[in-house]
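The next block holds one structure in the form of structure tokens; read it before the comments.
The values are calculated or read from the model by the stated rules, or taken from the named source; none is laboratory data. Small disclaimer: the values here were computed from a predicted structure and weren't measured. When we count neighbours, we look across all protein chains shown, and the Cβ atoms used for this are built from the backbone with ideal geometry, even at glycine. All accessible areas refer to the heavy atoms of the entire protein, side chains included, with ligands and DNA or RNA removed. Shrake-Rupley method; radii C 1.70, N 1.55, O 1.52, S 1.80 Å.
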Amino acid sequence: MFPPSKGSHREDDCIGPLCRSPCKSSAYVGINIGNMMSNLPSAADIVLILKAQQIKHVRLFDANHQMLGALANTGIDVMIGVPNDQLLRIGNSRSEAADWINKNVAAFVPETNITYIAVGNEILTSIPNAALVLVPAMQFLQSALVASNLNLQVKVSSPLSMDMIPKSFPPSTATFNSSWNSVMSQYLQFLVNTGSPLMVNAQPYYGYIKGQGIYPLEYALFQPLNPNNQIVDPNTNFYYDNMFDAMVDAAYYSMQSLNFTGIPVIVTASGWPSQGGANESDATVDNALIYNSNLVRHVLNNSGTPSQPTTAVSTYIYELFNEDLRPGPVSEKNWGIFFSNGTAVYSLNFGNQAVSKPDPTGLVGIFCVANPSADTNALKKGLDWACGPGEANCTAILPGEPCYDASNLVALASYAYNDYYHRMQTSGGTCNFGNTAMISTTNPTQDRATAPIPAQLLALPALTSSLKGFNVSALLSYFK
């Protein structure tokens, strides 16, 4: 832990929607709800999705009255946003700020549980000419909350981009862009004075892409690293097994460089795109599912970060829906968990992990199958590995069992791949198998013929020697 400083919170500061360090708190996972899409679902339909997914925390980028009304009496905590194009007006007028609070906060509480106001989004890096009104806008809004007796329930902050930290690794040497030191000092002092968190948009996808091969993909996806690829901060000897923690610690150390500590970090946006253009090969459904599943698990275990192991990091996943109207590359339009028609891009479990689910990995309706166009020899190797070192349960594709197929190596590999993926995804297993596998919504265990194992499997000697828990003798006798 960092030593206390003049900006530290006290233990009796544990009030409002945020239990601040050193008070023990539990992290939560929320989600962003954007609206830049051709067919935005109704507010009522959005709330139905939130309830079905057991999502208890949402971030809106504005203060849409239909959404705020639909969220009333749902038990869902709401972060509302002051859009960037309203910042100048509010930052220049105390009365405008008071009017904004009256119309968008006071009019909806307590039925709608508004807990945070995010003032703008990435203002210092996206609209630098508005920097001088950022802190005044926050101060005016805070004064209006005090006047309405809402300041203990609703906290004010402003999400920062990781671009505010030009060099985020090693985290211990990270600092905010020095050209903004004056504004950042005022901003951080405001957070101290009001007991509010630092809001950061931490996107390992961008960190990985900008690294151009410096970091392994596993590091960005919370997957186990090869022992030869361990990533260590040389100044602290802290090991970082994922980029998310390194980004959060970079924010903590950047605050420390300005002599502020004890301010907790909330990650207001983190996710992974499920589709990209021709030059965005890592934007896939597979990677998006892996990242967000691992992110949910990581946040909910309250492990903190290497430098702040007892400080939980609540996080809002970016985002609920794909936004087809967002400018930029294909990936920018495909960060959603759902399509705008309400169907899932992939299945993600937001609920209490202790609650029994049909599939504890959160992969309901998602299957890892063999690519029919994959090279036969590569498929054989993939099947060999899955049923051997991969420890997939391949019993059902043995002779006489219901899921083997006489003439279809793809069907056999699909069964083994899918079993491995659903067993091992939670601990870093992927749907790859030498580029012979892909994500599908079709269950590979259904509609399989009952017939002898194909003769091509005779070319898999390692299969019979490495299967664990199988009746290998019976399998060998069948091959004679």
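Per residue, segment 156-294 exposes 35 Å² of accessible surface when a 1.4 Å probe is rolled over the protein heavy atoms with every protein chain present. Using the 1.4 Å probe convention, the accessible area of segment 34-95 works out to 46 Å² per residue with neighbouring protein chains retained. Taking Lys and Arg as +1 and Asp and Glu as -1, the other residues whose beta-carbon sits under 12 Å from that of I80 total +1. Each residue was assigned an accessible area with a 1.4 Å probe, and for V183 the value is about 20 Å².
Counting Lys and Arg as +1 and Asp and Glu as -1 over every other residue whose Cβ lies under 9 Å from the Cβ of P171, the net charge comes to -3.
Using heavy atoms of the protein chains and a probe of 1.4 Å, the accessible area assigned to I214 is about 130 Å². In segment 46-86, Cα pairs under 8 Å separated by at least six residues give a relative contact order of 48 percent. Length gained on full extension, N435 to S182: 86.1 nm, using 0.36 nm per residue less the C-alpha separation.
The shape of segment 218-293 comes out oblate: with a ≥ b ≥ c from the C-alpha gyration tensor, a/c is at least 1.5 while a/b does not beat b/c. Heavy-atom accessible area for V232, with the other protein chains in place and a 1.4 Å probe, reaches approximately 50 Å². Computed from the alpha carbon atoms alone, the convex hull of segment 241-398 holds 189 Å³ per residue. Between D375 and Q189, the modelled labels are 6.5 nm apart [label points 7 Å from Cα along Cα→Cβ]. Report the local net charge at A250: Lys and Arg +1, Asp and Glu -1, summed over other residues whose C-beta lies under 11 Å from its C-beta. Surrounding charge for A250 is -2.
If you sort W180, W272 by accessible surface, 1.4 Å probe, largest first, the order is W180, W272.
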